[in-house]
Amino acid sequence: MTTTLPASHAFDRAIALQPLATNLFSGATSDDYQNMVGPFGGVTAATLLNAVLQHPERIGEPVSLTINFAGPVQPGAFEIEATPLRTNRSTQHWLLLQRQGGEVVTSGTAFFATRRETWSEQQESMPAAPAADSLPQQIRQERSWFQHYDFRYVTGLFHPKEQIKEGREGTESLLWARDNPPRPLDFASLTALGDVFAPRIFHRRQRFTPAGTVSLTHYFHADAAHLAASGDRPLLGQARATRMHNNYSDQVAHLWSEDGVLLLTSTQVAYYKE
């Protein structure tokens with residue numbers, strides 16, 4: 001197995017893993033991607049995916065990833081167990097477990113496959129949006145991970161300090177996003193970008209509410225060629241909720257490349273407290 005070399009980008013340092021034993025890797029949290037409680041969930045998901053991406057038995061590319069946040073990840077070291085449950089000629093199923101102090105803090109499953117050229121169709125069109133470089137960059141300082149993304153909002157910017165009356169805002173956001181500084185897109189960074197949207201309850205209520213993702217699932221429409229074509233250019237992201245009820249809310253999100261190719265569909269369930 002090839003060990004991870006030192007990386008210059010903060011994202012690569014945050015998801016870096018070292019092999020410990022068969023199916024077992026070690027890593028450590030990064031201060032650069034801290035959130036309200038523990039690391040930014042997108043980076044945690046990307047780190048678990050990275051365990052499969054660098055596993056010597058991995059075949060194909062990710063098609064789906066489900067991550068369950070069982071408990072807060074504490075600052076410091078952790079271990080990730082990535083176990084191939086079944087491998088067929090062109091498909092592979094994985095079990096992922098992240099542990100700290102002997103306890104599971106995050107669990108997940110991943111499905112990888114070798115894609116073959118077939119008939120294809122995209123039914124979800126990219127929304128109309130101004131070019132990313134025509135929009136102002138949103139500088140946010142509340143959480144360290146914000147500083148490592150370049151956000152350019154088209155609509156749905158959460159602005160609690162303006163004290164907008166509740167009920168005037170919906171749950172949809174449309175924005176351009178990419179790593180800051182720019183970094184070529186790969187499956188790990190696409191995974192993290194799929195979770196950059198604030199909890200939908202923030203947008204609906206226009207105020208901070210204790211909230212956090214419990215479980216997310218990404219569906220990867222992109223292959224390596226799509227990622228290479230995107231380079232380090234921004235992606236257009238759209239997210240909305242369909243229902244908030246008794247402490248839990250869903251979220252449905254999409255990410256498109258600049259040329260309108262749908263790269264990722266994501267769904268998640270988030271907890272919120274009143």
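The values are calculated or read from the model by the stated rules, or taken from the named source; none is laboratory data. This is a predicted model, so every value here is computed, not measured. Note: ideal-geometry Cβ built from the backbone for every residue, glycine included; neighbour counts use all protein chains shown. With ligands, DNA and RNA removed, areas are computed over all heavy atoms of the protein, side chains included. Shrake-Rupley method; radii C 1.70, N 1.55, O 1.52, S 1.80 Å.
Here are a few things to note about the model shown:
- Annotation: amide H-H contacts under 5 Å for Gly231 (H modelled 1.01 Å from N, sequence separation of 5 or more, or interchain): Leu185.
- Area of Val104 that stays accessible when all protein chains are in place (1.4 Å probe, Å², to 10): 70
- Correct option for Cα extents along the principal axes in Å [calculated from the coordinates] among (1) 55, 46, 37; (2) 48, 40, 39; (3) 81, 53, 45: (1)
- Using C-alpha pairs under 8 Å with a sequence gap of at least 6, the mean separation divided by the residue count of the chain gives a relative contact order of 17 percent.
- Average accessible surface for the chain: 49 Å² per residue, computed with a 1.4 Å probe over protein heavy atoms with every protein chain in place.
- Working from Cα pairs under 8 Å separated by at least six residues, relative contact order for the stretch 156-274 is 31 percent.
- The label-point distance for Val37 and Ala131, in a model that sets each label 7 Å from Cα toward Cβ, rounds to 4.4 nm.
- Qualifying GluC sites (Glu not before Pro) in the stretch 64-152, DSSP loop, other Cβ atoms within 10 Å at most 14: Glu117, Glu121, Glu124, Glu142
- Set of the stretch 222-260 residues, backbone N closer than 12 Å to the point 7 Å along the Cα-Cβ line of Glu274: 244-248
- Shown for the stretch 1-71: the carbon plus sulfur share of the solvent-accessible area, taken with all protein chains present and a 1.4 angstrom probe, equals 52%.
- Centre-to-centre separation between the Cα atoms of the stretch 188-254 and those of the stretch 56-133: 15 Å.
- Extension reserve of the Glu124-Glu142 stretch, reckoned as 0.36 nm per residue once the Cα distance is removed: 3.2 nm
- A simple count of charges around Asn246, restricted to other residues whose Cβ falls under 13 Å of its Cβ and scoring Lys, Arg +1 and Asp, Glu -1, yields 0.
- CD proxy at 222 nm, helix term only [per DSSP H run n ≥ 4: -39500 (n - 2.57); per residue of the chain; nearest 500]: -3500 deg cm²/dmol
- GNM remark for the chain: springs join alpha carbons under 10 Å apart, and the peak mean-square fluctuation among Leu24, Leu135, Leu193 falls on Leu135.
- Taking all protein chains together and a 1.4 Å probe, the residues Tyr219, Tyr153 rank Tyr219, Tyr153 from largest to smallest accessible area.
- Surface composition of the stretch 170-274: carbon and sulfur make up 53 percent of the accessible area, probe 1.4 Å.
- Local electrostatic count at Asp31 - Lys and Arg +1, Asp and Glu -1, tallied over other residues with Cβ under 14 Å: +1
- Dipole-positive endmost among Gln92, Met244, Val269 within the chain (Cβ charges, Cα centre): Met244
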